[in-house]
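Beneath this line is the structure, given in structure tokens, with notes to follow.
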Amino acid sequence: MINRRNFLKIVSFGGGIALASKITFELTSQENNNEHKIEGLKAKRWAMAIDVQKCDRTPDCKECVVACHNYHNVPNFDNPKDEIKWIWKDKFHNAFITQENIYLPSGMNHQTVLLLCNHCDKPPCTNVCPTQATWKREDGIVMMDWHRCIGCRYCIAACPYGSRSFNWKDPRPYIKNLNPDFPTRTRGVVEKCTFCAERLARGQMPACVVACPSKALFFGDLSDPGSEIRQVLSERFSIRRKPELSTSPEVYYLV
Amino acid sequence: MKLYDGWKIILGLIVFFAFFSLPVWINLSSAQSRVKPQLEYPKDSKQCVENKDYMNHYHMNLLNFWRDSVVRMNYRYVVRNGVVLTHNGKPLEMSLTLACLKCHNNKQKFCDQCHNYLDVKPYCWDCHIEPKGGLK
Ligand code: SF4
Ligand code: SF4
């Protein structure tokens, strides 16, 4: 039997020189691959800003939701109790439930806002996961490893934003158009938005950001003062959901 | 030396071993076990990321390693000696569906052949979507 250490040596990066003579693959290799963004998009702290005013101009628009859910094979159960959502819309007064100012500009409470996982800088969900199936990456993305999730739902209890959904049933029959390039989940697994980690790795912006016809979503590196998201955040007043919980949500709402 | 009640003991032993090995006999006599795996290899691609012998024995380790590299460490491409491997001019992702299955596009005629023969049931397919045979 090959042991783990040897295996890693053989397969890992830059390794396997000793075995190079044995390996018979003849796939072409390229030293400098400029054509493909192998590096992907990188950041020190990914974050999103949502222009509530722009988004609310088309309250029935669901382009971002459809794009995300189609891309990620998110099932559509008709029963709201089984609902799985990565990104969804709700009324302002539901989204900002602890907003204490009751004298808001007229209509604001009924504006439609877009909700998704906040990829909190201090995520309570990751602390409680017994299997490290969810964790905060170095670039701030609160990632999911569905291979590891045992479905204990601690993370659902820990998330104060309702960002996580649980698959009570096998989701496969409830996915209309399967995207073969992305996996589905199984019964007993928690899922949520991953800031399109797999798209970022290929140099693409998140599916919702690309899909928004109103260009109401800004996505970028908070640690870069020149980034577009820092630009909009410095020009417009923004709020975050339940900041008093010190989870440090990284989805900003431009109001 | 005399074996008291010898025939009873021998008979008992024969009955015992016949009964004990029953699953083997059932298996051998059933039609299923006589179907040897018949792997269909991709016609238009000739190289794999590793040699055939290695893949025969260790493809599961390779896939586990790929899985952890991609999901947990965010390393996405197959790198050998510091160089990204390409396939049809595209960098090769460490991915069951985006790499392996692009060539081995018929699960029934490839993966299932050995898995069924050995009665192993990998749960890859609970989530990863199998190509509808003959995918380009
Ligand atoms: S919004 Fe919820 S699921 Fe997302 S990082 Fe924060 S606590 Fe975790
Ligand atoms: S449900 Fe899954 S991701 Fe959530 S805490 Fe349990 S194991 Fe972790």
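Summary of computed values
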quantity: Candidates A:180, A:173, A:213, filtered to the one that is away from ligand 2 (no atom under 16 Å from the Cβ) and within 12 Å of another protein chain (Cβ to nearest Cβ); calculated: A:180
quantity: Among the residues listed as B:62, B:92, the single one being over 19 Å from the mean Cα position of the chain (by Cα) and buried (at least 18 other Cβ atoms within 10 Å of the Cβ); calculated: B:92
quantity: Scope segment A:139-169; condition of a type outside the set (Phe, Trp, Tyr), away from ligand 1 (no atom under 15 Å from the Cβ) and modelled with pLDDT of 95 or more; matching residues; calculated: A:147, A:148, A:150, A:151, A:167
quantity: Number of positions in segment A:199-220 that are open to solvent by 20 Å² or more (accessible area, probe 1.4 Å) and either assigned to a loop (DSSP other than H, G, I, E, B) or of a type outside the set (Val, Ile, Thr) (or both); calculated: 9
quantity: Failed item in (1) crowded, with 16+ Cβ neighbours inside 10 Å; (2) farther than 27 Å from residue A:138 by Cβ, with residue B:53 passing the rest; calculated: (1)
quantity: Count - residues of segment A:234-254 that are in contact with a Phe, Trp or Tyr (Cβ under 6 Å, 6 or more places away or on another chain) and over 13 Å from residue A:95 (Cα atoms); calculated: 1
quantity: Residue check for residue A:232: open to solvent by 70 Å² or more (accessible area, probe 1.4 Å), outside any loop (DSSP other than H, G, I, E, B) and of a type in the set (A, V, I, L, M, F, W, C); calculated: no
quantity: Residue check for residue A:65: within 16 Å of ligand 1 (Cβ to nearest atom) and β-branched (Val, Ile, Thr); calculated: no
quantity: Residue count, segment A:149-170 (criterion: within 7 Å of ligand 2 (Cβ to nearest atom) and within 14 Å of chain B (Cβ to nearest Cβ)); calculated: 3
quantity: Residue under evaluation residue A:181, criteria (1) touching a helix residue (DSSP H, G or I) at 6+ places or on another chain (Cβ under 8 Å); (2) touching a residue at least 12 places away in the same chain (Cβ under 8 Å), criterion not met; calculated: (2)
quantity: Long-range neighbours under 8 Å by Cβ, at least six apart or interchain, first residue closer than 20 Å to residue A:172 by Cα and touching a residue at least 12 places away in the same chain (Cβ under 8 Å) within segment B:111-133, second assigned to a helix (DSSP H, G or I) and open to solvent by 80 Å² or more (accessible area, probe 1.4 Å); calculated: B:122/B:60
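Yes/no matrix, rows are residues, columns are (1) modelled with pLDDT under 95; (2) more than 27 Å from residue A:146 (Cα to Cα):
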residue	(1), (2)
A:200	no, no
A:216	no, yes
A:220	no, no
A:227	no, yes
A:234	no, yes
A:240	no, yes
A:243	yes, yes
A:251	no, no
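The values are calculated or read from the model by the stated rules, or taken from the named source; none is laboratory data. Keep in mind that this is a model prediction, so the values were computed, not measured. Glycine gets a Cβ as well: all are built from the backbone with ideal geometry, and neighbour counts include every protein chain shown. Keep in mind that these areas ignore ligands, DNA and RNA; they rest on the heavy atoms of the full protein, side chains included. Shrake-Rupley method; radii C 1.70, N 1.55, O 1.52, S 1.80 Å.
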